[in-house]
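Asker: Would you mind keeping the following structure in view while I ask a few things?
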2 protein chains.
Amino acid sequence: MTESSQPRPSTVADEAVPEQGLSRRGLLALGGGAGLAAGALAGGFATAAFTSKTTALSDTLEYPFHGEHQGGIVTPAQDRMHFAAFDLRADVTRDDLIELLQDWTYAASRLVMGLDVSAKGAFGGGPYLPPDDTGEAAGLGPSGLTITFGFGRTLFRAEDGADRFGLAAQLPAEFGPLPKMVNDFMDPARSGGDLCIQACANDPQVAVHAIRNLTRIGFGRSRLRWSQLGFGRTSSTSTAQVTPRNLFGQKDGTNNLKAEEPERLTEHVWISDGPVWSRGGSYLVARRISMTIEVWDGLQLQEQNRLLGRDKASGAPLSGGEEFTAPDFAATDAGGQLAIDQRSHVFRTHPDNNEGIAMLRRGYNFVDGNDDIGRLDAGLFFVAFVKSPERFAKVHQNMARDDMFVEYLKTTSSSVFLIPAGIAEGEYVGQALFG
Amino acid sequence: MTESSQPRPSTVADEAVPEQGLSRRGLLALGGGAGLAAGALAGGFATAAFTSKTTALSDTLEYPFHGEHQGGIVTPAQDRMHFAAFDLRADVTRDDLIELLQDWTYAASRLVMGLDVSAKGAFGGGPYLPPDDTGEAAGLGPSGLTITFGFGRTLFRAEDGADRFGLAAQLPAEFGPLPKMVNDFMDPARSGGDLCIQACANDPQVAVHAIRNLTRIGFGRSRLRWSQLGFGRTSSTSTAQVTPRNLFGQKDGTNNLKAEEPERLTEHVWISDGPVWSRGGSYLVARRISMTIEVWDGLQLQEQNRLLGRDKASGAPLSGGEEFTAPDFAATDAGGQLAIDQRSHVFRTHPDNNEGIAMLRRGYNFVDGNDDIGRLDAGLFFVAFVKSPERFAKVHQNMARDDMFVEYLKTTSSSVFLIPAGIAEGEYVGQALFG
């Protein structure tokens, strides 16, 4: 995981960071007493702005935090993910919410550089305070970390209809609940949430460290509702990446949208309608899909291929060619049958059969132990970005109605979050919503 | 995870593997019909013996399968782990058990080379059979995979006293149950088991693939009892490795036994007494230790250091020096107090205070979601190798009686497995037990 025995760069480079950033409440959450912490507040909110590094790191891959869109969407999909959803506590006000978003923005802007959550860090706050940073990522590099923040529907209007933060008028019309879908076995405690944070990195310890510390900064304001670790990416979001395999052994996401296709991203991913504040953002659909892998493993290879509509080994469509050959849905086999079954997964989900709709997928494999008859609790943590939730619903509906493949899936968690546009320097995530 | 879009080398290199290996029953577990599979049985049991590679792989690190000791003990600790325990079904005979161990040995000898579980593999068995291999590791290299097999106490004598396999007389006297320990909150369904398999690799998908496919080969004979994924190693087992950090942010296992200390391994790790069949093996102690990280994070840095007896940043003992300086338990601070508290973790567990007992640790961090008040279900999957379970119990007792550190831990799963000695070519794991 690390070739360096040095502490994270924070202990060296942090001297250069002004004593500002986390709010008084954020510092209190980290356990610093009010009196002791007050001195650190002079500068108020600001995102970390320097990028110099003074220490050799094992994984120095670093993505920019600021930009037109948030990181973790078209960023080349990192190997690991820790995803978390949060609810706001009952006594949280609009100002508290803004302060939380400022604190998270500040901390995240540091974390993606491989720094600790504050200038005091894991070891620098002196002996009489709990450290600001929990320390388990000390010595590890940024490892390609991206942190992506999102807003749940309940942030705008609570389940009971309450407009807790004066945001109800800003709720985009298309941000409705997803329709009930085939093979939904929802656990509400594992779905939804007022806010979400997606942390992706090539080192899982770096992703876990980010979620843990952002959770901690929120103490007293936000409460972790559910969380999910993914150990292996199942999509490529860049043409430079090889297509990985899911737990059915299939190349997954061959036809995924890629970072190198800006026009298609504009067409399919970035929000362009609705409230001005939301434009340039995207909708994240997260679904925890349990896969009945033991049943799947008993299917003939031919049947596995038929259900997918692709050759399992190469990923090529059954109409011929290689992995990236476009499927020919009219092609027939020697017996005159359609080469790609109309109920296959690729037929049902392909843009050609869904009014052209495509999505940017960023899923991860998971294994969370096993059940009491020895079946692995395994599957795909499906994450997709679309410019409107309806677009996902439309494809899913088409897939679920006839798709034979769905028989081997069981969705236990489903959520939609609006991912605000990118963050400019000196701003906080979603600032336009509160303008 | 992979730079290669090629299928695993199996589809290329497997032409060279004789059609032998998995038993008839093992092939049946993979779903091949009896008639179709029978042709593959001519050669009977044999471990895969060739090591040539014909495909460029992303992670080509490969450890030998055969040797004096099993891999996965002193092998430099890989980054990720998937651990699984199994129970044997009620109708399994001694011969079935032997056959299972032969099948597992054969498949494991292939997996550690980056091959599929059988010569037919994930894509080569033809369209009318379920593939022998589930395929999700196709295109990935061996990634330093080791597979370590172990025997639970119930293999020798079931909970009800039954000697199911005629092995009771072979049970080593020292292989008793661990005493009840402080902060034990055991879940029996997550503890024990007749057999265990530890899969460690640098790519978690490779480790998961190994456990999943070995589980599958055992269908009808063994049933997965419990399993655990670890995402980040918390120990070094080689002097070439940097000491990683646990979820308390501490460098963990600084004083661990290392592969480069063969004499100390002989003294502390390898079984030298008891039944001849067991010698050269080791006892694996596995404990799933939940860490109250939110409580810990609220402690002053000074207190965190005091509980451990080391400086959190550097890992140096509080008596001074750097990480690998030996602790001086007599040293005092400016105020005349002992620099290292006698109730600290390092004091309680150090060999100097435990009749010289040391162990080889190979633990992993885990995060398995969160509870319903938003606390991460996080901790350390503790794995240690000792030449006798009593040695672990002695250190643990000394630690638990007074160790302040233990207040922040809660053990929910505890198991001991006897890891048989290494496997010679043409033999199967634990063969000496059945001789």
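Asker: For B:Leu115, are the conditions met, namely being touching a strand residue (DSSP E or B) at 6+ places or on another chain (Cβ under 6 Å) and either farther than 14 Å from B:Phe149 by Cα or among the basic types (Lys, Arg) (or both)?
Answerer: Values: touching a strand residue (DSSP E or B) at 6+ places or on another chain (Cβ under 6 Å): no; either farther than 14 Å from B:Phe149 by Cα or among the basic types (Lys, Arg) (or both): yes.
Here the answer is no, as B:Leu115 does not meet what is asked.
Asker: Please count how many residues of the stretch A:372-407 are closer than 18 Å to A:Phe185 by Cα, within 14 Å of another protein chain (Cβ to nearest Cβ) and crowded, with 19+ Cβ neighbours inside 10 Å.
Answerer: The number of residues fulfilling the criteria is 5.
Asker: Only one of A:Leu338, A:Leu360 is over 19 Å from A:Arg401 (Cα atoms), in contact (Cβ under 8 Å) with a residue 24 or more places away in the chain and either in the same structural domain as A:Thr266 (by TED's automatic domain parsing) or not β-branched (Val, Ile, Thr) (or both); which?
Answerer: Numbers: A:Leu338 fails: in contact (Cβ under 8 Å) with a residue 24 or more places away in the chain.
Residue meeting the stated conditions: A:Leu360.
Asker: Of all the residues that make up the stretch A:338-371, how many are assigned to a strand (DSSP E or B) and either of a type outside the set (Gly, Ala, Ser) or away from every other protein chain (no Cβ under 14 Å) (or both)?
Answerer: Step one: filter the stretch A:338-371 for residues assigned to a strand (DSSP E or B), giving A:338, A:360-361, A:364-370.
Subsequent filtering for residues that are either of a type outside the set (Gly, Ala, Ser) or away from every other protein chain (no Cβ under 14 Å) (or both) retains A:338, A:360-361, A:364-368, A:370.
Count: 9.
Asker: Which members of the stretch B:237-255 meet the condition of being modelled with pLDDT under 95 and either among the aliphatic types (A, V, I, L, M) or surrounded by fewer than 23 Cβ atoms within 10 Å (Cβ to Cβ) (or both)?
Answerer: B:Ser238, B:Thr239, B:Ala240, B:Gln241, B:Val242, B:Thr243, B:Thr254, B:Asn255
Asker: Same structure, new question: Does at least one position in the stretch A:278-293 carry a residue that is modelled with pLDDT of 95 or more and farther than 27 Å from A:Leu178 by Cβ? Show your work before the answer.
Answerer: Step one: filter the stretch A:278-293 for residues modelled with pLDDT of 95 or more, giving A:278-293.
Among the residues that remain, those that are also farther than 27 Å from A:Leu178 by Cβ are: none.
No, because not a single residue in the stretch A:278-293 is modelled with pLDDT of 95 or more and farther than 27 Å from A:Leu178 by Cβ.
Asker: Residue check: is A:Leu115 in contact with a Leu (Cβ under 8 Å, 6 or more places away or on another chain) and at pLDDT 95 or above? Full working, then the answer.
Answerer: Working: in contact with a Leu (Cβ under 8 Å, 6 or more places away or on another chain): no; at pLDDT 95 or above: yes.
Judged against the criteria, A:Leu115 is not a match.
Asker: Can you name the residue in the stretch B:117-138 that is buried (at least 24 other Cβ atoms within 10 Å of the Cβ) and on the phi > 0 side of the Ramachandran plot and, of all such residues, is farthest from the other protein chains (Cβ to nearest Cβ)?
Answerer: Looking at residues that are buried (at least 24 other Cβ atoms within 10 Å of the Cβ) and on the phi > 0 side of the Ramachandran plot, I get B:Gly121.
Asker: Condition first: free of Cβ contacts under 8 Å to residues at least 60 places away in the same chain and among the β-branched types (Val, Ile, Thr). Now tell me which residues in the stretch B:236-270 satisfy that.
Answerer: The answer is B:Thr239, B:Val242, B:Thr266.
Asker: Residue under question is B:Asp328, and the condition is that it be surrounded by 20 or more Cβ atoms within 10 Å (Cβ to Cβ) and not aromatic (Phe, Trp, Tyr); does it hold?
Answerer: no
Asker: For the stretch B:186-215, which residues satisfy the criterion of being buried (at least 24 other Cβ atoms within 10 Å of the Cβ), within 12 Å of another protein chain (Cβ to nearest Cβ) and over 28 Å from A:His82 (Cα atoms)?
Answerer: Once the filter is applied, which keeps residues that are buried (at least 24 other Cβ atoms within 10 Å of the Cβ), within 12 Å of another protein chain (Cβ to nearest Cβ) and over 28 Å from A:His82 (Cα atoms), the stretch B:186-215 yields only B:Gly193.
Asker: Would you confirm whether or not the stretch B:149-172 contains a residue that is in contact with a Pro (Cβ under 9 Å, 6 or more places away or on another chain) and either among the charged types (D, E, K, R) or facing chain A (nearest Cβ under 9 Å) (or both)?
Answerer: Looking through the stretch B:149-172, at least one residue is in contact with a Pro (Cβ under 9 Å, 6 or more places away or on another chain) and either among the charged types (D, E, K, R) or facing chain A (nearest Cβ under 9 Å) (or both).
Asker: Residue check, B:Gly336 against (1) surrounded by fewer than 22 Cβ atoms within 10 Å (Cβ to Cβ); (2) within 26 Å of B:Met81 (Cβ to Cβ); (3) not polar (S, T, N, Q), all met but one. Which one?
Answerer: (2)
Asker: If you scan the stretch B:243-257, which residues turn out to be aliphatic (A, V, I, L, M) and more than 22 Å from A:Asn213 (Cβ to Cβ)?
Answerer: The initial filter retains those residues of the stretch B:243-257 that are aliphatic (A, V, I, L, M), namely B:247, B:257.
The one that is aliphatic (A, V, I, L, M) and more than 22 Å from A:Asn213 (Cβ to Cβ): B:Leu257.
Asker: Right, something else. Assess whether B:Gly114 counts as being touching a Pro at 6+ places or on another chain (Cβ under 6 Å), farther than 30 Å from B:Leu171 by Cα and either part of a strand (DSSP E or B) or away from every other protein chain (no Cβ under 14 Å) (or both).
Answerer: Numbers: touching a Pro at 6+ places or on another chain (Cβ under 6 Å): yes; farther than 30 Å from B:Leu171 by Cα: yes; either part of a strand (DSSP E or B) or away from every other protein chain (no Cβ under 14 Å) (or both): yes.
Against the criterion (touching a Pro at 6+ places or on another chain (Cβ under 6 Å), farther than 30 Å from B:Leu171 by Cα and either part of a strand (DSSP E or B) or away from every other protein chain (no Cβ under 14 Å) (or both)), B:Gly114 qualifies.
The values are calculated or read from the model by the stated rules, or taken from the named source; none is laboratory data. Owing to the predicted nature of the structure, the values given are computational and were not obtained by experimental measurement. Cβ sites come from the backbone with ideal geometry, for glycine too, and all protein chains shown count toward neighbours.
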